[in-house]
Amino acid sequence: MSKPKPSPLPPNTLIGGYRVIRRVAAGGFGVVYLAVGADSQQVAIKEYLPASLASREPGALLPQVQPEKLSLYRLGLKSFFEEGRALAQISHPSVVSVLNFFRENETVYMVMNYLEGASLQDFILVARDLKQTKVFRESTIRSLFDEILRGLRIVHQHKMLHLDIKPANIFITDDNKSVLIDFGAAREVLSKEGNFVRPMYTPGFAAPEMYRRDSSMGPWTDIYAIGACIYACMQGYPPTEAPQRLSGDKLGAALKRLKGVYSDDLIEVVEWCMSLDSLARPQSVFALQKELNRGGARRYTKLTMGEKVRLQFETIVDGGKKTVLKATNIGVKPA
């Protein structure tokens, strides 16, 4: 029997001068609320409340943490607080705005702009169900990720990594702005210190080095996830997760089936970003931007009928198994 999740704060609870309206979302590491400030402005407040380390009874304010888990809880709390402080220094339309962050009720709260719209994941699922040749047009993919990369570049310039880029954490607002949300610093710290690495990563979007405790992470780690997100926009499904790719990589074969549908240039960008060797990937967002925005005519390779049949046969032999994207909208209003 699974452990029950900590109960959210009751409506009308006052925290840090904000009044909680309702819970918006909950994930493994926190709860997000719609709240209003003294100026009646709506905000989203994310509460650090890792379900694996803490519990809370209905109607209570304070989390309950077992003594043997207290040091790990505090380590994640410290990382969450530092992440909020760092994000508060970043002002970019493609990065979630942190308006305030504070300690209360033996935890930390991060106050953010309240966004209205839907996640990229929601759009992928809708587009996939239409069963058209292209999940998204190439021009749409290039425009979307050009916007996201502008924000990610600023994040990296502030010596931060996102560490949890996936379609559920790319939010498309009602006024057509793309925003990176739900950074994963606290999640990453706890994964290296605790005994639960696997559940913290969304299969297909985490770089190989994130599964190793002694690995070096950098901009190239987020860039792997960007490549995986582009792949999901092309295929409608996430790529195979990194540990499975290490034992038998079929990414090239999957991308080959997209030749003629998407340009060779875009397919090569995805392969470059998703190299299993971190040194073989773009080492900076700028290098990726330069390639993604390179002008000139797009190259397209048309597959022969024989090649299409062989690729289809390989898919059938392999079982044709595809991983379903898992929804984890954190810090935003669902569509």
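The values are calculated or read from the model by the stated rules, or taken from the named source; none is laboratory data. Keep in mind the model is a prediction, meaning the values are calculated, not measured. Because the Cβ atoms are built from the backbone with ideal geometry, glycine has one as well, and the counts that use them run over all protein chains shown.
If you go through segment 89-110 one residue at a time, do you hit one that is outside any loop (DSSP other than H, G, I, E, B) and under 26 Å from Pro208 (Cα atoms)?
Among the residues of segment 89-110, at least one is outside any loop (DSSP other than H, G, I, E, B) and under 26 Å from Pro208 (Cα atoms), which makes the answer yes.
Of the residues Lys131, Lys78, which single one is over 30 Å from Lys290 (Cβ atoms), in the same structural domain as Ala228 (by TED's automatic domain parsing), out of contact with any strand residue (DSSP E or B) (no Cβ under 6 Å at 6 or more places or on another chain) and of a type in the set (Lys, Arg)? Before you say what the answer is, go through the steps one by one.
Values: Lys78 fails: in the same structural domain as Ala228 (by TED's automatic domain parsing).
Checking each option against the conditions leaves just Lys131.
Conditions: (1) modelled with pLDDT of 95 or more; (2) on the phi > 0 side of the Ramachandran plot; (3) of a type in the set (Gly, Ala, Ser). Ser40 meets all but one. Number of the miss?
Of the numbered conditions (1) modelled with pLDDT of 95 or more; (2) on the phi > 0 side of the Ramachandran plot; (3) of a type in the set (Gly, Ala, Ser), the odd one out for Ser40 is (1).
Can you list residue pairs whose Cβ atoms sit under 6 Å apart, with the first residue in segment 232-249 being under 12 Å from Gln121 (Cα atoms) and the second being small (Gly, Ala, Ser) and in a loop (DSSP other than H, G, I, E, B)? Count only pairs 6 or more apart in sequence or on different chains.
Taking only residues 6 or more apart or on different chains, the pairs are Pro238/Gly204.
Hey, could you check segment 15-52 for residues that are in contact with an Asp or Glu (Cβ under 9 Å, 6 or more places away or on another chain) and of a type outside the set (Phe, Trp, Tyr) and say which is surrounded by the fewest Cβ atoms within 10 Å (Cβ to Cβ)?
Gly16
Just checking, how many residues over segment 273-284 are of a type outside the set (S, T, N, Q) and either surrounded by fewer than 17 Cβ atoms within 10 Å (Cβ to Cβ) or at positive phi (or both)?
Total meeting the criteria: 4.
Quickly run through segment 223-262 and pick out the residues that are buried (at least 18 other Cβ atoms within 10 Å of the Cβ) and among the β-branched types (Val, Ile, Thr).
Ile223, Ile226, Ile230, Thr240
Considering only residues that are in a helix (DSSP H, G or I) and touching a Gly at 6+ places or on another chain (Cβ under 7 Å), which ones fall in segment 132-186?
Matches in segment 132-186: Ala186 only.
Would you call Leu70 outside the structural domain of Phe136 (by TED's automatic domain parsing) and either farther than 17 Å from Tyr33 by Cα or among the basic types (Lys, Arg) (or both)? Give the derivation first.
Numbers: outside the structural domain of Phe136 (by TED's automatic domain parsing): yes; either farther than 17 Å from Tyr33 by Cα or among the basic types (Lys, Arg) (or both): yes.
Yes, satisfied.
Based on this model, can you work out whether Asp265 counts as surrounded by fewer than 21 Cβ atoms within 10 Å (Cβ to Cβ) and either within 13 Å of Tyr231 (Cβ to Cβ) or free of Cβ contacts under 8 Å to residues at least 24 places away in the same chain (or both)?
Judged against the criteria, Asp265 is not a match.
Could you tell me how many of the residues in segment 130-139 are surrounded by fewer than 16 Cβ atoms within 10 Å (Cβ to Cβ) and either touching a residue at least 12 places away in the same chain (Cβ under 8 Å) or touching an Asp or Glu at 6+ places or on another chain (Cβ under 6 Å) (or both)?
Of the residues in segment 130-139, 1 are surrounded by fewer than 16 Cβ atoms within 10 Å (Cβ to Cβ) and either touching a residue at least 12 places away in the same chain (Cβ under 8 Å) or touching an Asp or Glu at 6+ places or on another chain (Cβ under 6 Å) (or both).
Kindly state which helices (runs of 4 or more DSSP H) lie completely within segment 238-335 and contain at least 3 residues that are at pLDDT 90 or above and within 25 Å of the chain's Cα centre (by Cα). Before the answer, list the steps.
Details: elements: 242-247, 251-256, 264-273, 285-292, 305-317.
Once the helices (runs of 4 or more DSSP H) in segment 238-335 are filtered for at least 3 residues that are at pLDDT 90 or above and within 25 Å of the chain's Cα centre (by Cα), what remains is 242-247, 251-256, 264-273, 285-292.
Filter segment 111-131 down to residues that are of a type in the set (Val, Ile, Thr) and assigned to a strand (DSSP E or B), then give me how many there are.
Residues meeting the conditions: 1.
For segment 46-58, state whether one or more residues are assigned to a strand (DSSP E or B), without any contact (Cβ under 8 Å) to a residue 40 or more places away in the chain and more than 30 Å from Asp146 (Cα to Cα). Don't jump to the end; show me each part of the working.
From segment 46-58, those assigned to a strand (DSSP E or B) are 46-48, 54-55; that's our starting set.
Pick out the ones that are also without any contact (Cβ under 8 Å) to a residue 40 or more places away in the chain and you get none.
No.
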